[in-house]
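Student: Here's a structure for you.
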Amino acid sequence: MKNALYRITVLALVAAGPAITAGQALLPMPEKVVMTPGAFRLERPWRVEAETPSADSARSCCSFLERTDAPPTAATPRRLLLTDLPGAASPEAYRLRVTPDTIEISARTYVGFLQGSRTLRQLVAADSLPCCVVEDAPAFAWRGAMLDVSRHFFPLDFLKKQVDVMASYKLNRLHLHLTDAAGWRMEIKRYPELTRKAAWRAQASWKEWWNGDRHYVDEATPGAYGGYYTQDELRSLVDYARQRGITIVPEIEMPGHSEEVLAVYPELSCTHVPYEQADYCPGNDSTFRFLENVLDEVMAVFPSRDIHIGGDEAAKLSWPDCPLCRRRMVREGLAGVNGLQAYFVRRIGDYLAAHGRRLVGWDEIIADSLTRGATVMLWRDTAAVHEAIRHGYDVVLAPGRFCYLDAYQDAPPAEPEAIGGFRPLAHVYGYRPLEHLSAAERKRVRGVQGNLWTEYVATPDHAEHMLYPRLLALAEIAWRGAPATDYAAFRPRVLAHTQRLRAAGVNAFDLAREAGDRPETLKPVRHLALGAKVTYRYPFNETYPAAGDSALTDGRCGGWDYAAPSAWQGFISGKRFDVVVDLGRPMPVSRVVVNFYQASGVEIFYPARFAVSVSADGADYVTLTDCRQSVEKFSKPSVASMGWKGDARTVRYVRVQAEPGQLGGWIFADEVQVY
Ligand code: ACM
Ligand code: ZN
């Protein structure tokens with residue numbers, strides 16, 4: 001009943017027009033909100049009544065309601081009542097009741113009061129709070145954001161600022177990717193070389209470093225770029241976050257992504273040669289001694305029960321030929337390098353479990369032998385979630401397709417360089433984490449997380465530009481278990497919050513200026529070849545089929561997302577693009593246009609040769625254009641139209657050919673438009 005009433009209230013407010021009210025602008029949208037008549041004026045004097053022990057510690061989180069700067073004006077004291085919420089299933093559950101003379105927050109725990117106070121803070125409009133009843137609890141216990149502080153280093157104050165923003169949107173895990181090839185970022189007292197050397201490089205830009213020698217320099221080198229957090233700094237961050245209901249989850253990468261460690265401690269790699277390996281040697285017991293010593297210090301700084309050990313993308317190239325690795329495989333009866341990786345992860349998982357901690361790892365850790373109680377953080381194909389759960393693990397969902405915030409959020413030409421792909425806010429908000437999961441599987445989902453990898457993100461301002469507002473979409477999905485409204489209703493809400501964040505000094509992407517996808521994608525193009533049969537001299541690649549045989553004449557043009565199911569058709573090097581469009585009958589043709597996509601980062605390039613020829617009978621062709629161009633690598637994705645235009649000729653068959661140049665790679669084409 002309450003649910004129905006809430007829906008009617010919200011719908012009525014939405015129908016009222018674009019001006020949004022406090023109740024509507026809540027983000028994440030609480031489970032139940034009923035706006036009632038009247039308002040509570042934020043006046044003094046002020047009286048707090050706490051009827052529950054956990055409320056005592058929560059008083060401070062409501063102090064923003066107490067306008068101590070104003071002289072007392074209220075005839076009777078304004079009352080803040082903090083009461084228990086017996087029977088609440090989640091420690092973060094809360095209930096709010098705002099009447100003209102009392103605000104009541106009910107919760108079971110300190111974090112429950114915190115969450116209630118955050119909803120109140122969002123409801124404050126000028127000097128009053130609208131009267132309402134709110135009942136709310138999170139769908140997921142893990143609502144996270146990951147920041148990669150290895151590729152580029154971000155100062156501690158910036159992390160604390162993100163904790164504040166995250167907290168106001170009820171996110172509760174900040175996962176720090178503390179180690180990777182680009183730099184080790186945590187002080188380890190036992191291994192000072194990690195931060196004396198492996199935390200510094202000559203190039204400030206990751207891209208320059210990665211395309212250069214990928215070496216490290218001493219901390220004292222003039223102009224060295226890098227940095228690390230001391231253990232004291234990290235403890236202060238942990239404490240700062242804890243007060244705000246956020247757990248800092250540290251990630252120490254293993255067995256791969258560890259070039260920086262193996263450059264300064266090469267004896268932990270299979271070859272013992274610096275700058276040669278990315279993976280630790282799991283055949284060597286010294287590797288485990290080193291990692292256990294590191295993890296001892298990590299556990300002493302981070303009280304998080306969950307410790308992330310990476311586990312992704314280990315190439316394992318040196319393992320098959322390493323005598324120690326081979327001996328380990330034989331002695332332990334391990335099936336090849338994958339068995340050896342499973343052994344590695346299980347051994348680390350056992351060590352963490354013996355210290356009362358739980359292992360979290362990227363989805364490559366899924367293996368039969370993994371420690372019970374581990375959590376898989378899913379980043380690749382969402383289908384792997386079934387496999388992880390079948391193996392008995394809990395999961396945190398962070399599939400790249402929705403949760404990686406390093407892709408472009410708007411049309412690339414006006415955006416700073418990003419790693420590739422197109423992931424606008426509307427797409428992120430379309431994520432439905434529980435879709436396709438059975439009731440039993442849903443119980444194993446601990447939560448949802450947004451990840452910001454920072455290969456192309458060098459500054460705090462840029463990081464905020466990438467994080468917000470997309471992280472707010474994920475905050476709501478993580479709190480509610482699914483988008484709470486459709487995107488049309490979400491957009492004005494999130495726009496209001498984006499503007500609030502910008503006014504508060506957070507460099508959120510200016511959603512009001514969003515250009516969106518290529519305008520050509522918004523409506524079908526009409527041309528003579530619409531629906532025409534296409535014959536492929538070389539097949540399109542199965543990974544990028546778009547709409548299959550009809551993709552090039554279906555009237556739909558590809559947008560900025562090269563991998564969208566309905567967009568670009570991909571052709572890989574050697575297999576040229578060579579198609580014949582049959583118009584069905586002879587007709588006058590005066591123009592042929594084909595779009596090509598280029599994204600250097602994923603090896604998609606414009607063609608170096610492009611030709612159009614036509615035929616009346618499908619046997620004899622007349623070449624209308626055959627041109628060559630040099631293909632350059634651009635830093636950003638782009639789209640170009642190539643074609644022919646001339647005097648009309650009556651033809652039935654149009655052949656288009658395109659060939660890659662010296663850069664090789666893919667050709668991505670869409671819609672052979674004939675006019
Ligand atoms: C990952 O993106 N390699 C976890
Ligand atoms: Zn080895």
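Each reported figure results from applying straightforward, stated rules to the coordinates on display, with no laboratory input. Source: prediction; values computed, not measured. Using ideal geometry, Cβ is built from the backbone for each residue, glycine included, and neighbour counts are taken over all protein chains shown.
Student: Sort by residue number and report every cysteine in the chain with no other cysteine beta carbon within a distance under 4.7 Å.
Tutor: Singleton cysteines: Cys61, Cys62, Cys131, Cys132, Cys403, Cys557, Cys627.
Student: What is the log10 of I(q)/I(0) for region 242-354, computed with the Debye formula using one identical point scatterer on each Cα and no solvent, at q = 0.09, 0.23 Å⁻¹?
Tutor: -0.24, -1.32
Student: Could you work out the Kirkwood radius for region 473-536, taking every pair of different alpha carbons, averaging 1/r and inverting it, reported in Å? Provide the component values of the computation, followed by the final result.
Tutor: Details: mean 1/r = 0.0651 Å⁻¹.
So the Kirkwood estimate lands at 15.4 Å.
Student: Over the C-alpha atoms of region 303-376, what are the Rg and the largest Cα-to-Cα span, Dmax, in Å?
Tutor: 12.7, 39
Student: From the mean inverse distance of alpha carbon pairs (Kirkwood) and the Cα radius of gyration, derive Rg over Rh for the chain. The partial results should precede the final answer.
Tutor: Values: Rg = 28.6 Å, Rh = 27.9 Å.
Across the chain, the Cα-based Rg/Rh ratio is 1.03.
Student: Can you run the Rg to Rh ratio on region 461-569? Use alpha carbon positions and the Kirkwood inverse-distance Rh.
Tutor: On the way: Rg = 19.0 Å, Rh = 16.9 Å.
A ratio of 1.13.
Student: How high is the relative contact order of the chain, given as a whole-number percent (alpha carbon pairs under 8 Å, six or more residues apart)?
Tutor: Working: 1518 pairs, mean separation 66.5, N = 675.
Reported as a whole number, the value is 10 percent.
Student: Separate question: Taking one equal scatterer on every alpha-carbon of region 341-436, how large is log10 of I(q)/I(0) by Debye at q = 0.10, 0.11, 0.12, 0.25 1/Å?
Tutor: Taken in order of the listed q values, log10 I(q)/I(0) reads -0.36, -0.42, -0.49, -1.17.
Student: Can you classify region 29-90 as rounded, prolate or oblate using the Cα gyration tensor, where a ≥ b ≥ c are the square roots of its eigenvalues, rounded means a/c under 1.5, and otherwise it's prolate if a/b beats b/c and oblate if not?
Tutor: Since a/c reaches 1.5 but b/c is at least a/b, the shape of region 29-90 is classed as oblate.
Student: Quantify how much of the Cα-Cα distance distribution of region 512-654 extends past 20 Å, in percent. Could you put the intermediate results ahead of the total?
Tutor: On the way: 5114 of 10153 pairs.
Value for region 512-654: 50 percent of Cα pairs lie more than 20 Å apart.
Student: Give the lysines whose C-alpha is closer than 17 Å to that of Lys636, dropping any in the same chain fewer than 8 places away, or say none.
Tutor: In chain and number order, the partners are Lys207.
Student: Can I ask one more? How would you classify region 555-594 from its alpha-carbon gyration tensor, with a ≥ b ≥ c the square roots of the eigenvalues: rounded for a/c under 1.5, else prolate if a/b is greater than b/c, otherwise oblate? Let's see the in-between values first.
Tutor: Working: a/c = 2.64, a/b = 1.57, b/c = 1.68.
Since a/c reaches 1.5 but b/c is at least a/b, the shape of region 555-594 is classed as oblate.
Student: For region 624-675, just the Cα atoms, rotate onto the principal axes and tell me the three extents in Å, largest first.
Tutor: For region 624-675, the Cα spread along each principal axis is 41, 18, 17 Å.
Student: Moving on to the next point. How large are Rg and Dmax for region 157-224 when calculated on the C-alpha trace, in angstrom?
Tutor: Looking at region 157-224, its Cα Rg and Dmax stand at 15.1, 42 Å.
Student: Here's a follow-up. Starting from the alpha-carbon convex hull of region 389-536, give the projected area averaged over all orientations, in nm².
Tutor: On the way: hull surface 52.2 nm².
The number I arrive at for region 389-536 is 13.0 nm².
Student: Taking a ≥ b ≥ c as the square roots of the eigenvalues of the Cα gyration tensor of region 58-177, is the shape rounded (a/c under 1.5), prolate (a/b larger than b/c) or oblate?
Tutor: On the way: a/c = 2.97, a/b = 1.60, b/c = 1.86.
Because a/c hits 1.5 or more and a/b fails to exceed b/c, region 58-177 counts as oblate.
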